[in-house]
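Q: Attaching a single structure in structure tokens format; questions to follow.
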Amino acid sequence: MPPDAYPTAHRDDVVEVCHGERIADPYRWLEDATSAETRDWAAAQQRLFVEHQHLWSARQHFADRVGELLRTGAVGPPAWRGEQAFFVRREPDAEHAVLRTRDSNRTERVLVDPMAIDPSGVTTLDAWQPSKDGRLVAYQTSHGGTEESVLTVIEVATGAVVDGPIDRCRYSPVAWLPDNTAFYYTRQLPLDAVPEDEAQYHRRVWLHRLGCDVADDVLVFGADLDKTTFFGVRVSWDGRWLVVSASQGTAPRNDVWLADLTTAAPEAPDLHPVVVGVDAQTRLWVGRDGDLYAHTDRGAPRGRLLVGDPQRPDPATWSELVPEDSTAVLEDVALLDGLDPPALVCAWTRHAVAEVSVHDLSTGERRRTIELPGLGSVGGLAERPEGGAEVWFGYSDHLSPTTVYHHDVRSGVTDVWAHSPGAVSTYHGITARQVEYESLDGMPVRMFVLASEASTGPRPTILYGYGGFGISLTPAYAASVLAWVEAGGAYAIANLRGGAEEGEAWHRGGMREHKQRVFDDLHSAAERLVEDGLTRPDLLAISGGSNGGLLVGAALTQRPDLYRAVVCSAPLLDMVRYELHGLGRLWSDEYGSAEDAEQLRWLLAYSPYHRVQPDVAYPAVLFSVFDSDTRVDPLHARKMCAALQHATSAQPDIAPVLLRSESDVGHGVRAVSRTVAASADTLGFVAWATGLLVEAPLRETD
């Protein structure tokens, strides 16, 4: 590497001994984002990025095409209150989705528009919940990518603010009492009540009386639980039953309590433990019929549905209503008790592909399957909370934007409730197929492969993966993917262990001491793409963000020979110190903790920052970080970037290591224009690195 190829980053002699392991950390100084030397280094990296950006001749093509493909807009399933529907929709040229309401006459009104709140586009709508009678809506927004939500309550009829804003409501559920006088929610403790480095933790469940000072909110639950605990709250439709759930960080297990609100004031519910100390996830609620329902993976890694009596909630008394399926994961259920006999609708994923089935609510017996348009994903089963015979759900696949469907169980008819609002010119010569391959240990793994029918032979290919936290990669419309394949490339999405495509056992098979299996699954996917003649190592890029950034970071250090380019966004890369920054303390159950000697050795075995070796020809790498990211601190990418720039023997004009920084956005939702710019940079970079010559396919208009 020429001495002046990259901005100077001094290497300090920082070595710590932890559980007998000597751990070097020469770029510890880059953890301090506020220091002058870090700011100077980051500014130099941004200048270097811009210099290379000008070389990516396909960048403008991808900016234009991704922008066009995002003009489909988007729409979500409705939440019903009587004949009034609440839903989000993004118009074709809008930066953000807008919360709307539609009445029985199909008259629509805007309730919350992030751009009306903040025309700069950096305020996002994070969550919303109508009251049980539909007269009020509690919604949450955050600014500048921080995800630090504030909660506001408005009157639906007038749009007038009736309460809030209430701060410190990040990831807060809202459970309304039926009379609209109060709601349960979660809120973090004030900053002056917790240690400085624990400001993002310490949640509690509170009861807020509408119109009262938030300082007078009543603490309901959580004071004696771990600081990393997250809570869920739910009040039954009749207002009688309160369910509180608690999970420590992102651990794949939770505890559940139940209270009868008719026996005590809402400020002091008598919460009885129902499922506590069990290594399983359980979602509990009381239905309109008065029965207690439990959707759980206890004794059923792919999920099952149980039913019991809320007045005798001992799990030993529950009966099985829908048993575990041997190959499909139970994702969601909707109770349709407004017909005789009452019905149950279940959403499943079978090897990551959606199915929807109708069952008898009394026996659980499957009656039939609802036909779907293709191999896709279903999200958000929605029924009328007052009862009924109808269900609504969103459907999307790799080639189709979301459509919201309505199904009437009485007639068996499925029709469209809402299309995505925009029509775009699309290329129809794209195929999406599912491929099964064998990982290093012989485990069958699947991936989706998208390619153009017009292209033959090895071609530039992007392989994407995540592999963590039980998050499944199911078929979904993605403008950047379609733009890449239209241009002549191929795109593969691997369903790696660590996700939940095959249930909780699949998740646990790729966490903690088994994390290397996830990386092996990715390498094996890449080798299969090469074996099939779809690509070659010199044409193959890998891409991932967040935990997926850890995935591709580990992959590039383990198999630099297998990949030509790497896109690594908002990544975790220093696995020895990850718990000290961002929301890292939430993830120790997923990865293990450096505070434990054995678990430290798991982490050191693959920690990308610690596996960088000198004089290795590493692939071209583009790190992307977001300055307002409060989940994964950008320090991971800064340190890894400096380490790779120092170590790689690859020529910087052939395989550069670059850092792209973006301000006023974070780990989550962003404006469409920011999405377009980020996609243009990543696709332009990969096209340059892999030699993709952008084609101009013939298109048809849907």
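Since every read-out is calculated from the coordinates, none of them should be taken as a lab result. Since we're looking at a predicted model, the values are computed, not measured. Don't worry about glycine lacking a Cβ; one is built from the backbone with ideal geometry, like all the others, and counts go over all protein chains shown.
Q: Candidates (i) 26.9, 89; (ii) 25.4, 78; (iii) 32.2, 125; which is the computed Rg and Dmax of the Cα atoms in Å?
A: (ii)
Q: While we're here: Taking θ = phi - 60°, what integer Hz values does the Karplus form 6.51 cos²θ - 1.76 cosθ + 1.60 yield along the range 393-404, in sequence order, with x for Gly and Pro?
A: Whole-Hz 3J(HN,Hα) from phi for the range 393-404: 7, x, 10, 8, 9, 4, 10, 10, x, 4, 10, 9.
Q: Another question, if that's okay. Mind listing which chymotrypsin sites (Phe, Trp or Tyr not before Pro) in the range 57-156 are in a DSSP loop and have 11 or fewer other Cβ atoms within 10 Å? The partial results should precede the final answer.
A: Values: sites: F62, W80, F86, F87, W128, Y139; in loops: none.
Answer in residue order: no site qualifies.
Q: Now, a different point. Taking only the alpha-carbon positions of the range 214-296 and ignoring solvent, what does the Debye formula give for the base-10 log of I(q)/I(0) at q = 0.17 Å⁻¹?
A: So the normalised log intensities work out to -0.71.
Q: Hey, another quick one. Got the relative contact order for the range 161-236 handy, in percent, Cα pairs under 8 Å and 6 or more residues apart? Don't skip to the answer; put the middle values down first.
A: Numbers: 122 pairs, mean separation 23.2, N = 76.
Computed over the range 161-236, the figure is 31 percent.
Q: Would you order C346, C212 from fewest to most other beta-carbon atoms within 10 Å of each residue's own beta-carbon? It would help to have the intermediate numbers written out before the result.
A: Values: C346 25, C212 13.
Sorted ascending by nearby Cβ count, the order is C212, C346.
Q: Continuing with this model, one more query. Please get the size of the charge dipole for the range 168-324, origin at its Cα centre, with Cβ charges of +1 on Lys and Arg and -1 on Asp and Glu, quoted in debye to the nearest 20.
A: Values: 16 positive and 23 negative charges, 85 e Å.
That gives a dipole near 400 debye.
Q: Using modelled backbone amide H atoms (1.01 Å from N, in-plane), which distant-in-sequence or interchain residues come within less than 5 Å of R536's amide H?
A: R459
Q: Calculate how steeply helix 547-558 sits against the longest principal axis of the alpha-carbon atoms of the chain, using the helix alpha-carbon long axis, and give the answer as 0 to 90 degrees to the nearest 10.
A: 30 degrees
Q: A follow-up question, please. Find which of W484, P444, G468 sits farthest along the positive direction of the dipole of the range 430-545, computed with +1 on the beta-carbon of Lys and Arg, -1 on that of Asp and Glu, about the Cα centre.
A: G468
Q: Further question: Tilt of helix 635-647 relative to the longest C-alpha principal axis of the chain, in degrees (0 to 90, nearest 10)?
A: For 635-647 against the chain, the angle is about 20 degrees.
Q: Please give the FRET efficiency for S319 paired with V413, using the beta carbon to beta carbon distance and R0 = 41 Å, rounded to the nearest 0.05.
A: Details: r = 32 Å, r/R0 = 0.78.
Taking R0 as 41 Å, the efficiency between S319 and V413 is 0.80.
Q: Counting only residues 5 or more places away or on other chains, whose amide H sits under 5 Å from the amide H of L111 once H atoms are built in the peptide plane?
A: L99, R100, T101
Q: Which of the lysines could a cross-linker bridge to K515, judged by Cα under 25 Å and excluding same-chain residues fewer than eight apart?
A: Candidates past the 8-residue exclusion: K639.
Q: Using only alpha carbon positions, build the gyration tensor of the range 168-324, then give the equivalent ellipsoid semi-axes as the square roots of 5 times its eigenvalues, largest first, whole angstrom.
A: Values: eigenvalues 149, 83, 26 Å².
That gives 27, 20, 11 Å for the three semi-axes.
Q: Name the trypsin sites (Lys or Arg not before Pro) in the range 43-131 that are in a loop by DSSP and that have at most 12 other C-beta atoms within 10 Å, would you?
A: Working: sites: R47, R59, R65, R71, R81, R89, R90, R100, R102, R106, R109; in loops: R106.
Sparse-neighbourhood loop trypsin sites (Lys or Arg not before Pro): R106.
Q: Would you please state which residues of the range 160-200 a label at D216 would reach in this model, taking the label point 7 Å out along Cα→Cβ and a backbone N cut-off of under 19 Å?
A: 162-167, 177, 179-185
Q: Determine, for I654, I117, the number of other Cβ atoms within 10 Å of each Cβ, and report the residues in order from fewest to most.
A: On the way: I654 10, I117 15.
Fewest to most other Cβ atoms nearby, the residues stand as I654, I117.
Q: If you don't mind, another one. Run the numbers on the range 168-324 and let me know its relative contact order in percent, using alpha-carbon pairs under 8 Å that are six or more apart. Mind dumping the intermediate values first?
A: Working: 338 pairs, mean separation 20.3, N = 157.
Answer for the range 168-324 is 13 percent.
Q: Let me ask something else. If only Cα atoms are counted, what is the Rg of the range 570-702, and what is its Dmax, in Å?
A: 17.8, 59
Q: Just for the Cα atoms in the range 74-164, what are the lengths along the principal axes, largest first, rounded to whole Å?
A: Dimensions of the range 74-164 along the principal axes of its Cα atoms: 36, 32, 20 Å.
Q: Now a separate question. Where a Cα-Cα gap under 30 Å defines reach, which lysines qualify for K132, not counting those fewer than 8 residues away within the same chain?
A: Counting by Cα, and skipping residues close in sequence, K132 has no lysines nearby.
Q: Along the charge dipole of the range 131-275, which of A223, P165, G145 sits closest to the positive end, that is, farthest toward it, with unit charges on the beta carbon of Lys, Arg, Asp and Glu (+1, +1, -1, -1)?
A: The residue sitting farthest along the positive end of the dipole is G145.
Q: How far, in degrees from 0 to 90, does helix 59-69 lean away from the longest principal axis of the Cα atoms of the chain, to the nearest 10?
A: The angle comes out near 20 degrees.
Q: Quote to one decimal, in nm, the extra length available between D12 and R367 on full extension: 0.36 nm per residue of separation minus the C-alpha distance between them.
A: On the way: separation 355, 0.36 × 355 = 127.80 nm, distance 6.71 nm.
Taking D12 through R367 to full extension adds about 121.1 nm, to one decimal.
Q: Ok, one more. Given R₀ = 45 Å, FRET efficiency for E436-N180 by Cβ-Cβ distance, to 0.05? Mind dumping the intermediate values first?
A: Numbers: r = 52 Å, r/R0 = 1.16.
Step by step, r from the Cβ atoms, then E = 0.30.
Q: Compute, for the chain, the length of the dipole vector about the Cα centre, with Cβ point charges of +1 (Lys, Arg) and -1 (Asp, Glu) only. Units Debye, rounded to 20.
A: Working: 62 positive and 100 negative charges, 189 e Å.
Magnitude of the dipole: close to 900 debye.
Q: Quickly estimate the mean residue ellipticity at 222 nm for the chain, helices only: each DSSP H run with n ≥ 4 gives -39500 (n - 2.57), and the total goes over all residues, rounded to 500. Spell out each step's value before the answer.
A: Details: 12 runs with 125 residues, N = 702.
The helix-only estimate for the chain comes to -5500 deg cm²/dmol at 222 nm.
Q: Run the numbers for E155 and S104: contour at 0.36 nm per residue of separation, minus the present Cα-Cα distance, in nm. All intermediate terms of the calculation are to be shown ahead of the outcome.
A: Details: separation 51, 0.36 × 51 = 18.36 nm, distance 1.82 nm.
Stretched fully, the E155-S104 segment lengthens by 16.5 nm.
Q: Any number yet on Rg/Rh for the range 555-638, C-alpha, Kirkwood? Mind showing how you got there, number by number?
A: On the way: Rg = 13.5 Å, Rh = 13.7 Å.
My calculation puts Rg/Rh at 0.98.
Q: How many nm separate the modelled label positions at E513 and E267, each set 7 Å beyond the Cα in the direction of the Cβ?
A: Once both label points are built, they end up 5.1 nm from each other.
Q: Now for a different question. Given 5 Å bins starting at zero, what is the percent of C-alpha pairs of the range 257-323 in each, up to the one with the largest pair distance?
A: Taking every Cα pair in the range 257-323, the percentages come to 4, 17, 26, 25, 16, 8, 4, 1.
Q: Considering only DSSP beta bridges with both partners in the chain, what is the antiparallel share in %, to the nearest 5? Walk me through the numbers on the way to the answer.
A: Working: 130 of 156 bridges.
Of the beta bridges lying entirely in the chain, close to 85 percent run antiparallel.
Q: Return, ordered by residue number, the residues of the range 363-382 whose backbone nitrogen is under 12 Å from a label point located 7 Å along Cα→Cβ of D289.
A: Correct set: 363-365.
Q: Which of V567, V307 comes first, and how do the rest follow, when ranked by fewest Cβ neighbours within 10 Å?
A: Values: V567 26, V307 19.
By the 10 Å Cβ count, ascending, the order reads V307, V567.
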